[in-house]
1. Determine the sum of side-chain charges near A:Gly35: Lys and Arg each +1, Asp and Glu each -1, restricted to other residues whose C-beta is under 11 angstrom from that of A:Gly35.
2. Below 22 Å, Cα to Cα, which lysines can A:Lys319 reach? Residues fewer than 8 away in the same chain don't count.
3. Report, to the nearest 10°, how far helix A:155-177 tilts away from the longest principal axis of the Cα atoms in chain A, using its own Cα long axis and a range of 0 to 90°.
4. If I take every Cα pair under 8 Å that is 6 or more residues apart in the stretch A:214-316, average their sequence separation and divide by the length, what percent do I get for the relative contact order?
5. Expressed in whole Å with the largest first, what are the equivalent ellipsoid semi-axes of chain A derived from the C-alpha gyration tensor as the square root of 5 times each eigenvalue?
6. For A:Ser318 and A:Val25, calculate 0.36 nm times their separation in residues minus their Cα-Cα distance, and state this gained length in nm to one decimal.
7. Which one, A:Thr81, A:Met43, A:Pro227, projects farthest toward the positive side of the charge dipole computed for chain A from Cβ point charges (K/R +1, D/E -1)?
8. Semi-axes, largest first, in whole Å: what does sqrt of 5 times each Cα gyration tensor eigenvalue give for the stretch A:1-116?
Amino acid sequence: MTFTIQANDSQSNARAGLITTGHGVIETPIFMPVGTQGTVKAMQMHELKEDTRAQIILGNTYHLYLRPGIHILEQAGGLHTFNSWDGPILTDSGGFQVFSLSENRKLKEEGAEFRSHIDGSKHLFTPENVMDIQRSIGADIIMAFDECCPGDADYDYARKSLELTERWLDRCFARFNSTEPKYGYGQSLFPIVQGCVYPDLRRRAAENIARKEADGNAIGGLAVGEPTEKMYEMIEVVNEILPKDKPRYLMGVGTPINLLEAIGRGVDMFDCIMPTRNGRNGQLFTEYGTINLRNKKWENDFSPIDPDGTSYVDQMYSKAYLHHLVKVGEYLGYQIATLHNLAFYLRLVRMARQHIVEGDYCEWKTRMVRQLNNRL
RNA sequence: GGGCAGUUACCAGAGUGGCCAAAUGGGGCUGACUGUAACUCAGCUGUCUUUCGACUUCGGUGGUUCGAAUCCAUCACUGCCCA
């Protein structure tokens, strides 16, 4: 995997670049749709590729390990052939499930012991087997196994959590470096900066990770309950230290405004469930603010879903029709809303990229943030 | 014509003397959702009031009772059964 920077913004830390993987090139900054269980919910692969113009999607180690199971993915020849997505894939390590399934797990030095949310069965995730599993899934970018520390953790907890994550990281690299890809194309391991909202912990974590000289670096443990300003502050602290010539991935973030703010602070990659889940729950994102489709006000608004939208659904269907589909719970409603939202997120990062290249990113961002804040 | 069962809020439906403005679903309105245990979750849904609270309700009317959605009488309507 290689990363080349094509343009730097003169007024901010924003940059436009190209990531080259075994499954093609990614133009950054980029948003990566989340496809936890081997599918971006409600989306066909051709819709992802042609209509939302996604360039890379996510999968999740924890979910894919439970179902369909690693042996099936190996028999299939990896996730790409299994799900028919021929572009790049990134897998999360299960570190986020250490956080979100915290009632069903036990942390130990060796790893995290989980109870399956499906059948209650016990499983142990270690840095080593998480690397092996991600080798078997065959993602182009695989993530270190970490503890995603809650945003409101106290300093002592955050420090201990970070120390564990750092010990796990060394074991991740040891395993990763002593194993080979299984399907004939390269894989890259991204370490994850933790440290909660404490600048000194974040700095220490970033310095440690910078020394690993990984193909790319991730910032985790943000947007997990801390104030947004803290998140921005932590991104600044960390990006001072993380190598400038490697892609930076802000995990799990976020709102359209979060993306623009983070891009301005030097982040290149994002993923978030927001466009997909919120879409299924009736929220649309547009350049002029968010729309709650369930609201009565849309029942007789026959204007297009998004006159500025680039996906065909934006012009084809009216807000009133989509309001109806969402209200009655029709599958098509979830599909249209998801497609629109993903297309919007991808268009947003393309616009960001273009303004970085053209050199007016900051002015554009200021204008956009004001609009995006609206509630329509 | 006779018998039986029933009539509760937008709908369905519980409640059969005080703990009832009345369970629970659905529907409606609003909100939440940030590396997906999420097509999920939360709040509100008689009237007035920000809250406390006040007021008006359980087919109609009239009773019994300190007190009635709940008991009695009667009328109306609905369903089923027998002629």
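1. Details: positive: A:Lys41; negative: A:Asp92, A:Asp271.
Taking every Cβ under 11 Å from that of A:Gly35, the sum is -1.
2. Once the sequence-local lysines are set aside, what remains near A:Lys319 is A:Lys41, A:Lys296, A:Lys297, A:Lys327.
3. 80 degrees
4. Details: 105 pairs, mean separation 19.8, N = 103.
That works out to 19 percent.
5. Numbers: eigenvalues 201, 120, 83 Å².
Listed largest to smallest, the semi-axes of chain A are 32, 24, 20 Å.
6. On the way: separation 293, 0.36 × 293 = 105.48 nm, distance 3.46 nm.
Length difference between fully extended and current span is 102.0 nm.
7. Value: A:Met43.
8. Numbers: eigenvalues 168, 84, 34 Å².
Equivalent ellipsoid of the stretch A:1-116: 29, 20, 13 Å, largest first.
Here, each number is a calculation from the coordinates, and none is a lab measurement. It should be emphasised that the depicted structure is a prediction, and the values quoted were computed from it without experimental measurement. Please note: Cβ atoms are built from the backbone with ideal geometry, for glycine as well, and neighbour counts cover all protein chains shown.
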